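These notes concern the structure reproduced below.
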Amino acid sequence: MMLLQKKLWRLLACWMAVLLAVAAIGCKVPPSEPEQTPAPVVISSPEPDVQPTAEPTPESTPEPDESASEQFLALDREVFVHYVSDSGWALHEYLRDPAAFDIDASEIPMTWGDLSEEASHADVAECVTYLERLLEIDRERLTQQQQLSYDVLQQYFESNIAGDALEYYYEPLTQYTGLQVNLPVALWLFRIETEADIKAYLDLVADTPRYLGQVLAYEQKRSENGRFMTEGALETILADLDQIIGAGDELFLISEFEKSLEGVSELTADQRAAYLEQGKALLTGEFLNAFQTLRDGLAALSDTCRNEEGLHAFGEEGLQYFTLGLQSEAASDISPEDAILLLEQEFAYLIYSYQTFSLEAEASEDPDTPLTSGDVRADLTELEALCKTVLPELSAHSYETRQVPPELEALMSPAAYAVPAIDDWQDNTVILNPAADQTYLFLTLAHEGYPGHMYQHIYQRNLDGLGLMQQVLPFSGYVEGWAQFAEELAILAQTKYNRTTTMMRFCDEMAGNAMLLAMTSIKVNYEGMEPDDLKEYLSAYGLGNDAIVSLLYSYAVNMPFYSFSYALGYTQLAGMMRSLSADLGEAYVQKDVLTQYLSYGPAYFNLLQERMDIWADEQVKNG
């Protein structure tokens, strides 16, 4: 199995990253005065022991060549069409109007896709062909924006190709974000507005036995190769499956489907009733039976569970898989060696900042004072107004709120952003979970709404010249890094809440919930630390408690990439802002810097860092 998840699940993986109760935590810097523009991301602390990198020299770009541009745009569009048409489900989620891209939706079967070795190798073979065609295009004859889209495509193809030989390392069934959770959530989020949507939904439900059969066959193959999940991970997955199976006639998808049917005005009462009966029969029959078959098949593999060891135990292949997985989540070509240095440095910044904040007078105020007006709309309105002081304005858009069903409340944070189809960016959805802790709802909404996920998505959908593939690739670290940085922007821009105690909380959570998980994953999976080694490593930070060591080790083994998009996403962005602040000095204007950063659109951090450095050099020279 190739390194990256099947294309079917890449979009949903992005959704789950914001839907699930993974800590939404941002960077921590000393608060600025209320009347000032928020300060750049610069934390006062002892200088880290890192060597400065050479600054890139700006290169002149020749006038774009129409033929080269046409060739690139045609290839980008071809790859895009192939990517979003991977399955009926993917096409339904990516595009509202496939015909506008010359895609005949009727020719794409409404299935979950193909999770087979043959399909993965075919995907990689296509990447090889596409890469060859891309390299035939004269990059230097493209516009600056097209060159970035070109570089994005090249890096994407090369990373996919590099993972082709790494068979059966990918684990589709993981705690919180595995297919056993993703698939029911995908059905809940499935947009049903027309009768055609209803039929597509029912086709997906009916396709579930085939697809979960592929998942089981894949896990059986992992078992044969000694790569099956650990005993602890298996217990967790079986418990998830038991919860779905045990719902029976009370499965939440039934009532949610019924609600969706009520919103389709073109149906008669008899049609609505007939579709509801068909849905009930499928969901309580073939759908739940498929989960039972998967559960029984996994349980039968229990005697092949692997030892609780990191990917290091699989030798060079395991290290290569881990490196590629880390880079995929970080949205960067960063190496594990460089990643651990950056993470440890950021961890030190966070601890130092927490201690600094704790000495301020405001730190004595009640840290548990709720950070919310108690009204979601009011909080979002206030956050949108704050955005205008620190970021460029958004185009006209709207959003609606949607409440999670009770069965998903335990999984989700207080709020989440559901990514819309790329050709329907004006209509957005904020998902609410009133059962979750609402104490810091204002900051969760900053992460998910303004100026976080929703702001970034809307702003970048209005940029001119972005490649189509640049718009649909997930770039998890880029997306989550921005959302956490957005929380800090909101904290520093607002004057309503105690910024000192809020920053202290963030420092604590970012260090403990993101940085430590990422650091220990590298130590266990890449450096080969065993529990005793990890305990010694964590003891240097005062975290050698056996329970903490055991928990972190388990996360590293069973979910090696769990926190990288958060930890490395934020660390790379914060580091970029610090270096730009140092380079520009008094010329640093945060709003201008962030506007420039956003103007490139979503991309890999290494490509953005290069362009931001060149831009900063030009600002200094132009004085």
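The values are calculated or read from the model by the stated rules, or taken from the named source; none is laboratory data. Note that the structure is predicted; figures quoted are calculated from it, not measured. Cβ sites come from the backbone with ideal geometry, for glycine too, and all protein chains shown count toward neighbours. With ligands, DNA and RNA removed, areas are computed over all heavy atoms of the protein, side chains included. Shrake-Rupley method; radii C 1.70, N 1.55, O 1.52, S 1.80 Å.
Summary table below
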| item | result |
| --- | --- |
| Subset of the range 369-384 [free of Cβ contacts under 8 Å to residues at least 12 places away in the same chain, surrounded by 12 or more Cβ atoms within 10 Å (Cβ to Cβ) and over 26 Å from the mean Cα position of the chain (by Cα)] | 378 |
| Search result, residues across the range 599-611 that are of a type outside the set (Phe, Trp, Tyr) and either within 22 Å of the chain's Cα centre (by Cα) or open to solvent by less than 30 Å² (accessible area, probe 1.4 Å) (or both) | 599, 601, 602, 603, 606, 607, 608, 609 |
| Qualifying residue in the range 408-428 (condition: aromatic (Phe, Trp, Tyr), within 25 Å of residue 502 (Cα to Cα) and at pLDDT below 90) | no |
| Looking only at the range 399-421, and only at residues there that are in a strand (DSSP E or B) and of a type in the set (Ser, Thr, Tyr), the one that is nearest to the chain's Cα centre (by Cα) | 417 |
| Residue match in the range 358-368 (condition: of a type in the set (D, E, K, R), open to solvent by less than 70 Å² (accessible area, probe 1.4 Å) and over 30 Å from residue 533 (Cα atoms)) | yes |
| Residue within the range 502-514 that is of a type in the set (Phe, Trp, Tyr), modelled with pLDDT under 90 and within 21 Å of residue 371 (Cα to Cα) present | yes |
| Hits in the range 608-623 (condition: out of contact with any helix residue (DSSP H, G or I) (no Cβ under 9 Å at 6 or more places or on another chain) and of a type in the set (A, V, I, L, M)) | 614 |
| Selection count, the range 256-285, where residues are exposed (fewer than 13 other Cβ atoms within 10 Å of the Cβ), touching a residue at least 24 places away in the same chain (Cβ under 8 Å) and within 31 Å of the chain's Cα centre (by Cα) | 1 |
| Contacts under 8 angstrom Cβ, first residue in the range 389-407 being touching a residue at least 60 places away in the same chain (Cβ under 8 Å) and open to solvent by less than 90 Å² (accessible area, probe 1.4 Å), partner assigned to a loop (DSSP other than H, G, I, E, B) and among the hydrophobic types (A, V, I, L, M, F, W, C), 6 or more apart | 397/425 |
| Helices (runs of 4 or more DSSP H) lying entirely in the range 289-398 (those with 3 or more residues that are touching a Cys at 6+ places or on another chain (Cβ under 7 Å)) | 336-358 |
| Tally of residues being open to solvent by 10 Å² or more (accessible area, probe 1.4 Å), touching a Leu at 6+ places or on another chain (Cβ under 9 Å) and not aliphatic (A, V, I, L, M) across the range 334-346 | 1 |
| Selection count where residues are assigned to a helix (DSSP H, G or I) and either closer than 15 Å to residue 252 by Cβ or of a type outside the set (D, E, K, R) (or both), scope the range 176-211 | 22 |
| Subset of the range 446-461 (residues that are under 15 Å from residue 488 (Cβ atoms) and surrounded by fewer than 24 Cβ atoms within 10 Å (Cβ to Cβ)) | 456 |
| Residue check for residue 226: on the phi > 0 side of the Ramachandran plot and open to solvent by 10 Å² or more (accessible area, probe 1.4 Å) | yes |
| Residue match in the range 206-223 (condition: open to solvent by less than 10 Å² (accessible area, probe 1.4 Å), among the hydrophobic types (A, V, I, L, M, F, W, C) and modelled with pLDDT under 95) | no |
| Count - residues of the range 120-143 that are surrounded by 17 or more Cβ atoms within 10 Å (Cβ to Cβ) and small (Gly, Ala, Ser) | 1 |
| Test for residue 149: is it among the hydroxyl-bearing types (Ser, Thr, Tyr), in a helix (DSSP H, G or I), within 25 Å of the chain's Cα centre (by Cα) and farther than 27 Å from residue 208 by Cα | yes |
| Odd one out for residue 407, checked against (1) touching a helix residue (DSSP H, G or I) at 6+ places or on another chain (Cβ under 6 Å); (2) over 16 Å from residue 185 (Cα atoms) | (2) |
| Sole residue being under 30 Å from residue 162 (Cα atoms) and charged (D, E, K, R), chosen from 360, 337, 365 | 337 |
| Residue match in the range 528-550 (condition: open to solvent by 20 Å² or more (accessible area, probe 1.4 Å), assigned to a helix (DSSP H, G or I), under 30 Å from residue 311 (Cα atoms) and of a type in the set (Val, Ile, Thr)) | yes |
| Test: residue in the range 486-504 that is open to solvent by 20 Å² or more (accessible area, probe 1.4 Å) and without any contact (Cβ under 8 Å) to a residue 40 or more places away in the chain | no |
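Conditions tested, residue by residue: (1) of a type outside the set (Ser, Thr, Tyr); (2) surrounded by fewer than 17 Cβ atoms within 10 Å (Cβ to Cβ); (3) at positive phi; (4) part of a helix (DSSP H, G or I).
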residue: 554; (1), (2), (3), (4): no, no, no, yes
residue: 568; (1), (2), (3), (4): yes, no, no, yes
residue: 581; (1), (2), (3), (4): no, no, no, yes
residue: 593; (1), (2), (3), (4): yes, no, no, yes
residue: 597; (1), (2), (3), (4): no, no, no, yes
residue: 613; (1), (2), (3), (4): yes, no, no, yes
residue: 620; (1), (2), (3), (4): yes, yes, no, yes
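Yes/no matrix, rows are residues, columns are (1) under 29 Å from residue 256 (Cβ atoms); (2) buried (at least 20 other Cβ atoms within 10 Å of the Cβ); (3) in contact with a Gly (Cβ under 9 Å, 6 or more places away or on another chain):
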position: 147; (1), (2), (3): no, no, no
position: 181; (1), (2), (3): yes, yes, no
position: 184; (1), (2), (3): yes, yes, no
position: 193; (1), (2), (3): yes, no, yes
